[in-house]
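Single-structure report; data block below.
A short reminder: the numbers here are calculations on the coordinates, not readings from a lab. Because the structure is a prediction, the values reported are computed rather than measured. A quick note on method: Cβ atoms are made from the backbone with ideal geometry, for glycine too, and the neighbour counts reach across all protein chains shown.
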Amino acid sequence: MPASVTLGAGNVAEFSGSLLAIALSDEPKLSGGLIDLDRSLGGSIQRSIELRDFRGSRDEVFALTGPSGGARRVILIGLGKIVDKPGALRRAAALAARQAMKLGFTDVGFHAGEIDAQEVEAATVGLIVGSWEYKDLKTPPPEAERRASLEKATIITSNTNASRAAVTSGEAIGAGHSLARTLAMMPGNLCTPEFLANTATDIARRHGMKITVLGRKEMEAEGMGALLCVAQGTPQDPKLIALEYNGGKTGDKPVTLVGKGLCFDSGGISIKPALSMEDMKFDMCGAAGVLGAFEAIGRMKLPINVVGLIGSTTNMPSGTAMNPGDVVKSHLGKYIEIINTDAEGRLVLADVLSYARRFNPAVVVDAATLTGAIVIALGHTATGVFSAEESLVTEVIAAGKRAGEPSWSMPLWDDYKDLIKSDIADIKNSGGRPAGSVTAAMFLKEFTDSYPWIHLDIAGTAYSESDLGAMPKGPTGTPTGTFIEFVRGRIT
Ligand code: BES
Ligand code: MN
Ligand code: ZN
């Protein structure tokens, strides 16, 4: 359970919980209650700043013993040079929560001076994100050896109506992130297409949303040959999940979020190498982002119409699996030649993007762990953004920035179209290694003619192969925050 967040308006020097985390920039200065706290610590904060033992650089953590009668432990956390204060606070708050968890403390106080509502929201998200963990599959140690879990986080700043509302929205966003990361972390044998559909049904029930789930039969009736050819190698029922949230005016075109939901991607007949294949349980992070965003949108009751679409299955080699050279007819009617069965995400998304037409979308944003090539281009730092409309690229990059999920523009030019020309069909599903993430996006573009569309390749950003300090190894929550901020940015 992630920590619950409250506001504590008192003097930071009077905080008497387990861990007090103080966030300071790279030009650390003590003011207000911090001067009182420093006095009760015999001046040791000021001294560590003067001696440059603490410099306030990003992610720096400096621990002190707390004052008698006060917090048990005090940590100083560096914000670095502040360009984006909410972003810096989100990160520092996540680090504070992680430190509290490592120390086995049940509560943490977070202080960054007097902060505004937007900053309170960011700190709240950080505290929840930092206290997320997935423990369901570890047998708990005996009671006496058990590490307590972080239950309560207090943001020490003035307690106004605006900051209380900011805690509430921060908790909604945090809940979205936690849900997305839990779904992503769950192994493929537990987080199946059916499990994603059940999770979506639960979200719809709790927040009064409409839900439609298509299985194999319904997809056959719809003529979804591209999604179905991926699903034909598995006995599990594939699911196309459609969530409809109507918080806006009737008749207003919905913002539509689409997610790739491959609960496991072995590559199929074009099978992947064994090394790190287990990471392909994360091939549903786009779908997890859609569900996380809907959880947050439902909790916040945003005044806007939003549709969420997920295409979910697994990609398996078997006697019934699709083969390289096969040609399938997509939902839109275009014929696709299968060159590589491991390029399955674009096949699934082709039919979901075609299905999206019936919701008359204002805009469609899809997120997919689509290509290894985007990791080569942008590493694990930025999500690749592809759209023919420059204003949409700007809009999505700005949304990602607000959410602390960096993204960057990639080309989507007709010059690349030749690479996916087929000898036998309308299009082929792989253009080989050159510009691999661009040709994947160009493929998707073929199925998006009737609405403004933007694609996010999150293969490098949805999960991390190492501990990043503020974020442990595993799912990062991306693209949940980008989806939420994009939707919020569309509220008129
Ligand atoms: N799910 C993978 C992409 C991926 C790779 C995600 C690494 C996360 C980390 C996708 O389905 C895939 O296999 N893409 C192929 C496409 C190729 C066969 C054209 C790839 O990137 O190699
Ligand atoms: Mn694949
Ligand atoms: Zn895949």
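Amide hydrogen proximity for Thr154: with H placed 1.01 Å from N in the peptide plane, the residues at 5 or more positions away or on another chain lying under 5 Å are Thr6, Val108, Gly109, Phe110.
Taking amide H positions as modeled 1.01 Å from N, with prolines and chain starts lacking one, the residues under 5 Å from Gly233 and 5 or more places away or on another chain are Met316, Met322. Diffusion coefficient of the chain by Stokes-Einstein, Kirkwood radius over Cα pairs, 25 °C, 0.890 mPa s: 105 µm²/s. How large is the dipole of segment 108-242 about the Cα centre if only Lys and Arg carry +1 and Asp and Glu carry -1, each at its Cβ, rounded to the nearest 20 debye? In debye, rounded to 20, segment 108-242 gives about 260. Think of the chain as a dipole: +1 on every Lys or Arg Cβ, -1 on every Asp or Glu Cβ, centred on the Cα centre; then among Gly215, Ala200, Val375, Ala200 lies furthest on the positive end.
Dipole of segment 4-159 computed with +1 at Lys/Arg Cβ and -1 at Asp/Glu Cβ about the Cα centre; of Val129, Val61, Gly113, farthest Cα towards the positive end is Val61.
Could you give the size of the charge dipole of segment 96-135 about its Cα centre, using +1 on the Cβ of each K and R and -1 on the Cβ of each D and E, expressed in debye and rounded to the nearest 20?
Result for segment 96-135 is approximately 360 debye, rounded to the nearest 20.
Each part reduced to its alpha carbon centroid, segment 54-115 and segment 330-345 end up 49 Å apart.
Taking the Cβ of Glu395 as the centre, find all other residues whose Cβ is under 15 Å away and add up their charges (Lys, Arg: +1; Asp, Glu: -1). Spell out each step's value before the answer.
Details: positive: Lys401, Arg402, Arg488, Arg490; negative: Asp366, Glu389, Glu390, Glu405, Glu485.
Taking every other residue near Glu395 into account, the sum is -1.
Phi angles of segment 18-29 translate, via the Karplus equation with coefficients 6.51, -1.76, 1.60 and θ = phi - 60°, into HN-Hα couplings of 6, 10, 10, 9, 10, 8, 9, 6, 6, 10, x, 9 Hz per residue; Gly and Pro are given as x. When the chain is described by a simple charge dipole with +1 on each Lys and Arg Cβ and -1 on each Asp and Glu Cβ, the residue from Ala180, His455, Gly436 located farthest towards its positive end is Ala180. When only the Cβ of Lys, Arg, Asp and Glu is charged (+1, +1, -1, -1), the dipole of the chain relative to its Cα centre reaches about 800 debye. Looking at segment 175-489 alone, DSSP beta bridges between its own residues are antiparallel in about 45 percent of cases. Coupling constants for segment 56-67 follow from the phi torsions by the Karplus curve (6.51 cos²θ - 1.76 cosθ + 1.60, θ = phi - 60°), and in residue order they are x, 6, 4, 6, 5, 10, 10, 9, 10, 6, x, x Hz; glycine and proline get x.
Converting phi to 3J(HN,Hα) with the Karplus coefficients 6.51, -1.76 and 1.60 and the offset θ = phi - 60°, segment 244-251 yields 10, 10, 10, x, x, 6, 4, x Hz in sequence order, with x at every glycine or proline.
Residue order for Ile269, Ile491, Ile156, fewest other beta carbons within 10 angstrom first, comes to Ile491, Ile269, Ile156.
Let me know the Kirkwood hydrodynamic radius for segment 4-159, please, with Cα pairs as the basis and the value in Å to one decimal. Could you put the intermediate results ahead of the total?
Values: mean 1/r = 0.0641 Å⁻¹.
Computed over Cα pairs of segment 4-159, the Kirkwood hydrodynamic radius comes out at 15.6 Å.
The loop-placed trypsin sites (Lys or Arg not before Pro) in segment 137-218, going by DSSP, that have at most 16 neighbouring Cβ atoms within 10 Å of their Cβ come out as Lys138, Arg146, Arg147. Between Ser270 and Thr341, Asp342, the built amide H atoms are under 5 Å apart, and every one of these is 5 or more places off in sequence or on another chain.
By count of other Cβ within 10 Å, fewest leading, how are Ser312, Ser464 ordered? If you can, show how the numbers build up before the last one.
On the way: Ser312 30, Ser464 16.
The order, fewest Cβ neighbours first, is Ser464, Ser312.
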